[in-house]
1. By per-residue mean of other Cβ atoms within 10 Å, what is the highest-first order of 8-17, 72-81, 97-106?
2. Give the relative contact order (percent, whole number) for the stretch 20-64; include only Cα pairs under 8 Å separated by 6+ residues.
3. Can you give the relative contact order of the chain as a percent, counting alpha carbon pairs under 8 Å and 6+ residues apart?
4. With unit charges on the beta carbons (Lys and Arg positive, Asp and Glu negative) and the dipole taken about the Cα centre of the stretch 1-61, which residue among GLY9, THR28, VAL48 sits farthest to the positive side?
5. Can you list the lysines whose alpha carbon sits under 28 Å from that of LYS43, skipping same-chain ones fewer than 8 residues off?
6. Among TYR94, THR78, TYR105, pick out the residue whose Cα is farthest towards the positive end of the charge dipole of the stretch 73-119, where Lys and Arg carry +1 and Asp and Glu carry -1 on C-beta, about the Cα centre.
7. Around ALA99, under 12 Å between beta carbons, what's the net of Lys plus Arg minus Asp minus Glu among the other residues?
Amino acid sequence: QVQLDESGGELAQTGGSQRLSCAASGRTFSSYAMGWFRQAPGKEREFVAAISWSAGRQYYADSVKGRFTISRDNAKNTVYLQMNSLKPEDTAVYYCAAAPYGLGYLTDEYKYWGQGTQVTVSS
């Protein structure tokens, strides 16, 4: 069992930066691939970024590649999402999630989810 708690979402201006954190409870955090997803009003939840258990591999959605960076600190049971050059279209609730079976970008591959943190980017 893994419990996830996101934080760091706030109001930002276009071109600004923000870092989201996701703190995990449970002794097996380091064995899970971790991902960030987001959901804007009226839209489906979409993949943003994922990182393998060892942090050796990262995947990004094309829409955030070059602007967002996912990282993790297994000693702190925490995964991060550094977001730079923010755009209004990045406005969404951001969720972190844990995948027990490996790195993926589909919601069905993730077993545990946080409650989400709101990111709003003003134009």
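Every number here is computed from the coordinates shown, using simple stated rules; none is lab data. Given the structure is predicted, the values throughout are model-derived calculations rather than measurements. Positions of Cβ are generated from backbone atoms using ideal geometry, with glycine treated the same way; all protein chains shown enter the neighbour counts.
1. Sorting 8-17, 72-81, 97-106 by mean packing, highest first, produces 72-81, 97-106, 8-17.
2. Here the relative contact order equals 29 percent.
3. 36 percent
4. Farthest towards the positive end: THR28.
5. LYS65, LYS87, LYS111
6. After comparing all options, I get THR78.
7. Net charge around ALA99: -1.
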